[in-house]
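S.K.: Could you have a look at this structure, given as structure tokens, before my questions?
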Amino acid sequence: MISISYKALYRVYRPQSFHEVVGQEAVTRTLKNAIKEKKISHAYLFSGPRGTGKTSAAKLFAKAVNCLNPQEGEPCNQCEACKGVQSGETLDILEIDAASNRGVDEIRDIRDKVMLQPSSLTYKVYIIDEVHMLTNEAFNALLKTLEEPPEHVIFILATTEPHKLPLTIVSRCQRFDFHKFSISAIMSRLRYVSDQVGIAISDETLATIAKFSEGGMRDALGILDQAYSFAGNEISLEDVHFVTGTLSANFLSRLIRELKEKNIANTLALLDEVILSGKDPEQVIKGLIQYLRDLLVFKNAPDLEEMQGRVLLEPDFKSLSEQLKSSEIFKAIEHLNKMQNEMKWSAHPRIMLEVALIQLCEQVFQEGENESGLWRRIEQLEQKIGQLEKQGPVVRQEAGFTPKAQSGDEEKRRLPTSSDLPLFRLKSIYQQANPKFLDRMLELWPSILELVRAKDVRTAAWLKQGKPVLVTEQAVLLAFNSAIHRESTELPENKKIIEEALLERTKVSFEIATVMLDQWNDFLAKHKELLKEEKEELDPIIKEAIQLVGEELVHIKNRRER
Ligand SMILES: [Zn+2]
């Protein structure tokens, strides 16, 4: 249940004045000066990566520009206008999210109402978020308005992808580029919010959150928020690792040390331990890559600010960096990257990870002997993977299904199984599907995944393994390479979360259907054949020819010769 009074931290702690905005000084100084000198433009373009504060700055500017008693360009936060904006009661600040609806109606509405005077404020401010998502029609309508904006109107267009905007629009805007936040800017904001809420949290933990958020303030506050609802007023480093599904630096440095020392037994025991604690193999490999990358950066640029913090907090980090050669680290990253890609499509990621780690010991970290044992171990594991991949999904075995012994040279044609999506269902989705819907869905997919992740990290991890292949007006068909991922996505409670996210992002109540990639590819291959035939049958020239001379005399080349 979502409690009504609950508000995400990033909403509650939106900066109310420009001086509270950390990390975007160039932007805020310019905006403040514009207000101070009353040089207000009618259209602004705020561009930059997600979570860099574009919308917050837009709202702040909308308030400051309307403030009845501005102080050096800052809003007073006391007057009627400021209060109206802050409470969201004013009708003169309009926010449009171009991502969730492509804006045709809204922009038309703007065009119709833009001439009307503001109801209570000096300026009507339109904030259009993710403006690059507007349709061409909406862009044209917007352009008409931007060409001759009335005195009392300001547009603030925000986008993560400015290159997707028509130049005609960009050229009419005053542009501001927002940059990713530095680790220290994020940390200082997190510290401020923690103090306000009364959260006890160490600098090390804040630094870890800042690092995970990759320069996005909203993500950083989102993680703090999750950890807060999980752990309460005292948040430990473990809590953060738990809610983000990431691995602690302590674990990663231990693992790398064992790898370096070619201690396979300890390596696999460590892996066991972390997987039992609920992490999945992909998180392990991702964590390893990140840690090694940091080691490499530190070796080559030890003076970087973010690295200095690490050295102080993790004594092991520095000693590891001294023991490993740059070339070793580089090769290890390369190897793990490759395995990470392969793992995505494997039904047995854990065994692949074990192989990857053993190979890492053997081929990358040069010292030590004990080779023959290692190779035997690798061969055994590789055989095991081969067998398992042939047997198909583990779930089927558990259900009492005994896979037939397969001879190696057997033709690759697969037989339908009970877990296939019924053919009639697949056909009906196929017939109703619209490639344009699919394009749009693929565009939105990252943001849908994001939303699912916000609702439930676990479901997002399953869903991430699937790919939309067909979209109709009511259904989205997802193809999976692994039965485990597919079946976990299909669980009613997970399905519900995904369908809710789809509804929120698209405003359409889609139903999801899933299919194995094998079945999908088979179906597609067969269907293309059929389609070719149908097309030939429908060719009007052939039809006409048949009518004219009779069927016997019309020689349809492809069909006869197949
Ligand atoms: Zn004010």
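S.K.: Take residues that are in contact with a Pro (Cβ under 8 Å, 6 or more places away or on another chain) and within 27 Å of Arg350 (Cα to Cα) and tell me which of the helices (runs of 4 or more DSSP H) falling wholly in segment 179-283 contain 1 or more.
M.R.: So the answer is 264-276.
S.K.: Output the number of residues of segment 62-73 satisfying the condition of being crowded, with 22+ Cβ neighbours inside 10 Å and within 6 Å of the ligand (Cβ to nearest atom).
M.R.: Final tally of qualifying residues: 1.
S.K.: Could you say whether any residue in segment 19-30 is under 30 Å from Glu214 (Cα atoms), at pLDDT below 90 and within 16 Å of the ligand (Cβ to nearest atom)? Before the answer, list the steps.
M.R.: Filtering segment 19-30 down to residues under 30 Å from Glu214 (Cα atoms) leaves 19-30.
Add one more test, that the residue is at pLDDT below 90, and what stays is 19-26.
Next, from what is left, pick out any that are within 16 Å of the ligand (Cβ to nearest atom): 19-20.
Yes, that holds for at least one residue.
S.K.: Asp105 - would you say it is surrounded by fewer than 20 Cβ atoms within 10 Å (Cβ to Cβ) and away from the ligand (no atom under 13 Å from the Cβ)?
M.R.: The answer is yes for Asp105.
S.K.: When residues of segment 500-523 are filtered for being surrounded by fewer than 17 Cβ atoms within 10 Å (Cβ to Cβ), touching a Ser or Thr at 6+ places or on another chain (Cβ under 9 Å) and not in a helix (DSSP H, G or I), how many remain?
M.R.: 1
S.K.: If you don't mind, there's one more thing I want to ask. For segment 64-81, which positions are more than 18 Å from Ile156 (Cα to Cα), assigned to a helix (DSSP H, G or I) and in contact with a helix residue (DSSP H, G or I) (Cβ under 7 Å, 6 or more places away or on another chain)?
M.R.: The one that is more than 18 Å from Ile156 (Cα to Cα), assigned to a helix (DSSP H, G or I) and in contact with a helix residue (DSSP H, G or I) (Cβ under 7 Å, 6 or more places away or on another chain): Ala81.
S.K.: Restricting to segment 125-160, name every residue that is charged (D, E, K, R) and within 21 Å of Gly23 (Cβ to Cβ).
M.R.: Asp129
S.K.: Return a yes/no flag: does segment 39-46 have any residue that is assigned to a helix (DSSP H, G or I) and more than 16 Å from the ligand (Cβ to nearest atom).
M.R.: Taking segment 39-46 as the starting set, the residues that turn out to be assigned to a helix (DSSP H, G or I) are none.
Checked against the condition, which is being assigned to a helix (DSSP H, G or I) and more than 16 Å from the ligand (Cβ to nearest atom), segment 39-46 yields no hits at all.
S.K.: From the list Pro49, Pro149, which one is in contact with a Phe, Trp or Tyr (Cβ under 8 Å, 6 or more places away or on another chain), over 29 Å from Thr506 (Cα atoms) and assigned to a loop (DSSP other than H, G, I, E, B)?
M.R.: Pro149
S.K.: For segment 168-178, check the following and say yes or no: at least one residue is under 23 Å from the mean Cα position of the chain (by Cα) and not aliphatic (A, V, I, L, M).
M.R.: yes
S.K.: Residue by residue through segment 108-121, note down the ones that are within 14 Å of the ligand (Cβ to nearest atom) and of a type outside the set (Gly, Ala, Ser).
M.R.: Taking segment 108-121 first, the residues within 14 Å of the ligand (Cβ to nearest atom) are 120-121.
Matches in segment 108-121: Leu121 only.
S.K.: Go through (1) without any contact (Cβ under 8 Å) to a residue 12 or more places away in the chain; (2) more than 12 Å from the ligand (Cβ to nearest atom) and name the single condition Lys124 misses.
M.R.: (1)
S.K.: Would you please list the contacts, defined by Cβ atoms under 7 Å and residues six or more apart or on different chains, that run from a residue in segment 195-222 that is of a type in the set (Asp, Glu) to a residue that is outside any helix (DSSP H, G or I)?
M.R.: Partner pairs satisfying both residue conditions: Asp219/Gly51; Asp219/Ser213.
S.K.: Note down all Cβ pairs under 8 Å where the first residue falls in segment 67-93 and is over 20 Å from Val21 (Cβ atoms), the second is more than 12 Å from the ligand (Cβ to nearest atom) and among the basic types (Lys, Arg), and they're at least six residues apart or on different chains.
M.R.: Pairs found: Asp92/Lys124.
S.K.: For segment 266-277, state whether one or more residues are at pLDDT below 90, assigned by TED's automatic domain parsing to the domain that holds Met343 and within 14 Å of Glu328 (Cβ to Cβ).
M.R.: no
S.K.: I've got another one for you. If I ask for residues that are aliphatic (A, V, I, L, M) and within 16 Å of Leu259 (Cβ to Cβ), which ones from segment 324-351 would you list?
M.R.: Going residue by residue through segment 324-351, those that are aliphatic (A, V, I, L, M) are 324, 329, 332-333, 336, 339, 343, 347, 351.
Correct list: Leu324, Ile329, Ala332, Ile333, Leu336, Met339.
S.K.: Let me ask something additional. Kindly indicate whether any position in segment 74-91 is touching an Asp or Glu at 6+ places or on another chain (Cβ under 7 Å) and either modelled with pLDDT under 90 or away from the ligand (no atom under 16 Å from the Cβ) (or both).
M.R.: no
S.K.: Related question: Of the conditions (1) within 13 Å of the ligand (Cβ to nearest atom); (2) β-branched (Val, Ile, Thr); (3) outside any helix (DSSP H, G or I), Ile96 fails just one. Which one is it?
M.R.: (1) is the only condition that Ile96 fails.
The values are calculated or read from the model by the stated rules, or taken from the named source; none is laboratory data. No experiment lies behind these values; they were computed from the predicted model shown. Methodologically, a virtual Cβ is constructed for each residue, glycine included, from the backbone with ideal geometry; neighbour enumeration extends over all protein chains shown.
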